[in-house]
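*Asks:* Here it is, the structure, as C-alpha cells.
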Amino acid sequence: MTRKTHWERIHTAKEPQDLTWYQEAPTVTLEMLESAGATPQSPLIDVGGGAARLVDHLVANGYENVTVLDISSVALDQSRKRLGSASETVQWIVADVLEADLPQAYEVWHDRAVFHFLTDPDERRRYASKLYGALTLGGHAIITTFAEDGPEKCSGLPCARYSPKALHAELGAGRFRLVDSARETHVTPKGQEQRFQYSMLQKVPC
C-alpha cells in the first residue's frame, strides 16, 4: 500500500475529531508562532495540515498567506468544507511533502507529526533538504514529533521518536539553530496519553 493510499483510507474511515492526534486548540504552536515573530503577512506552510485546526486559528487571526499541504485530498476537503468561504484565502496543495513543488519560500514551516513517520534515513535527508530550501534565511521551522518517551507506532505505522537535540542533529545542526523547545502530553479522543516534543529551529547560512 502506498503512503497516499494509507492516509486516504485513514481520513475516509474516521471523522477528524476521532483521530488520535486531534487537537481543538494548537496552543503550543500558536505560542511558538508569536515567539518567532510571525505576522499576518508572513508566508506560512502547514505541512501535513490535513484536517487539523491550525488553519482555522490562522485565518481567524488574519493570516493572509497560508498554505496547507497534505498527501490526503480527503483531509484537505474536510478542512475546506469546515472553513467555508474563508477557505478561499488559503492555498491548498495535495502532495507528498518529499515530492512537492512548492510555489514560494516561507518564513514559517509548521509540521505536527509528519516527520516522525519518516523512518527511512534517505527520506529524512530529503525532508531536511526540502525544508532548508523552502525557508527564507532567518525563517523558522516549528516541528512536532513524538518525544523519546512517546508512542512507537501511530495509525498502524512505525514512528521515530526524538528529543529536541536529536531532531536538531537530524535536520542539520549546521543549517539550523535550535531556538526553543517544549513538551506536551496530548490526550487522544479515547483518553490515552501521547508525549510530544515541539522544536523551533531557525534557518542559518550554511
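The values are calculated or read from the model by the stated rules, or taken from the named source; none is laboratory data. No experiment lies behind these values; they were computed from the predicted model shown. Neighbour counts are summed over all protein chains in view; Cβ atoms, including those assigned to glycine, are modelled from backbone coordinates with ideal geometry.
*Asks:* Can you find a residue that is crowded, with 20+ Cβ neighbours inside 10 Å, under 12 Å from GLY150 (Cα atoms) and within 15 Å of the chain's Cα centre (by Cα) anywhere in region 163-181?
*Replies:* Checked against the condition, which is being crowded, with 20+ Cβ neighbours inside 10 Å, under 12 Å from GLY150 (Cα atoms) and within 15 Å of the chain's Cα centre (by Cα), region 163-181 yields no hits at all.
*Asks:* Let me ask something additional. Restricting to region 117-154, name every residue that is without any contact (Cβ under 8 Å) to a residue 12 or more places away in the chain and not polar (S, T, N, Q).
*Replies:* Those that are without any contact (Cβ under 8 Å) to a residue 12 or more places away in the chain and not polar (S, T, N, Q): ASP120, PRO121, ASP122, ARG125, GLY133, GLU152, LYS153.
*Asks:* So which residues in region 22-51 are over 11 Å from VAL66 (Cα atoms), outside any helix (DSSP H, G or I) and among the hydroxyl-bearing types (Ser, Thr, Tyr), if there are any at all?
*Replies:* Scanning region 22-51 gives TYR22, THR39.
*Asks:* Okay, next question. Anything in region 118-127 that is in a helix (DSSP H, G or I) and more than 23 Å from VAL66 (Cβ to Cβ)? List them, or say none.
*Replies:* Scanning region 118-127 gives PRO121, ASP122, GLU123, ARG124, ARG125, ARG126.
*Asks:* Only one of (1) surrounded by 15 or more Cβ atoms within 10 Å (Cβ to Cβ); (2) without any contact (Cβ under 8 Å) to a residue 60 or more places away in the chain; (3) touching a Cys at 6+ places or on another chain (Cβ under 8 Å) is not met by ALA113, so which one is it?
*Replies:* (2)
*Asks:* Confirm whether TYR106 is surrounded by 21 or more Cβ atoms within 10 Å (Cβ to Cβ), of a type outside the set (Gly, Ala, Ser) and either over 28 Å from GLN194 (Cα atoms) or modelled with pLDDT under 95 (or both).
*Replies:* Here the answer is yes, as TYR106 does meet what is asked.
*Asks:* Here are some residues: GLY62, GLY49, GLY84. Which one is modelled with pLDDT of 95 or more, small (Gly, Ala, Ser) and closer than 22 Å to GLN202 by Cβ?
*Replies:* Testing whether each residue is modelled with pLDDT of 95 or more, small (Gly, Ala, Ser) and closer than 22 Å to GLN202 by Cβ leaves just GLY49.
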